[in-house]
Amino acid sequence: MDKDVETIDYTSPGGCRPVTLGDSEGYRGRKTYAKPGGCYYSARLAVSEHLDSIGRQAGAIMLREIHPGYIMPVGVWNVRESLRALLKTRFERFDSMDGALNYATTILEIPKRDWIETSALLQKAYFQRKISEYN
């Protein structure tokens, strides 16, 4: 995968205020271990395998909500295998990042603004100025 990649986990331990844990990397990769640990790398692996199998390069942002009923510590395996299975199915296509995020937030409980505030890549997509704006 030669583009940016990021995972963000939202969890509500004991039903308390949601806590976020996420990390990202750009084109040059990482120099330190990702904060989410193995789940980050298992998600990256599943997406990289899929992109390699279809001969494409792309960036990816994986959003995950962890609810109080999630009690077994199988995160790494679960993330990798769930993404592998998901990427074998027919999935939605969108013309823009905003369209994709709007759709995702109809399924997820965490509001769109919270995902944007947490995500380095979403902030870059929404707020980074483009060279064409400097005429």
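Quick note: the coordinates plus some simple rules give every number you see, no bench work behind them. Keep in mind that what you see is a predicted model, and the values were worked out from it rather than measured. Quick reminder, even Gly has a Cβ in these numbers, built from the backbone with ideal geometry, and neighbours come from all protein chains shown.
Every residue in the range 67-78 that is surrounded by 12 or more Cβ atoms within 10 Å (Cβ to Cβ) and among the β-branched types (Val, Ile, Thr), please. Can you show your working first?
Taking the range 67-78 and keeping what is surrounded by 12 or more Cβ atoms within 10 Å (Cβ to Cβ), we get 70, 75-78.
Selection gives VAL76 alone.
When the residues of the range 87-129 are filtered to those that are among the hydroxyl-bearing types (Ser, Thr, Tyr) and in a helix (DSSP H, G or I), which remaining residue is surrounded by the most Cβ atoms within 10 Å (Cβ to Cβ)? By that ranking, first place goes to THR118.
Quick check on LEU63: is it touching a helix residue (DSSP H, G or I) at 6+ places or on another chain (Cβ under 9 Å), among the aliphatic types (A, V, I, L, M) and assigned to a strand (DSSP E or B)?
Values: touching a helix residue (DSSP H, G or I) at 6+ places or on another chain (Cβ under 9 Å): yes; among the aliphatic types (A, V, I, L, M): yes; assigned to a strand (DSSP E or B): yes.
Criteria met by LEU63.
When the residues of the range 97-115 are filtered to those that are within 14 Å of the chain's Cα centre (by Cα) and in contact (Cβ under 8 Å) with a residue 40 or more places away in the chain, which remaining residue is nearest to ASP23 (Cα to Cα)? Filtering the range 97-115 for residues that are within 14 Å of the chain's Cα centre (by Cα) and in contact (Cβ under 8 Å) with a residue 40 or more places away in the chain, the one nearest to ASP23 (Cα to Cα) comes out as TRP115. Among the residues making up the range 21-66, those that are of a type in the set (Val, Ile, Thr) and exposed (fewer than 15 other Cβ atoms within 10 Å of the Cβ) are THR32, ILE54.
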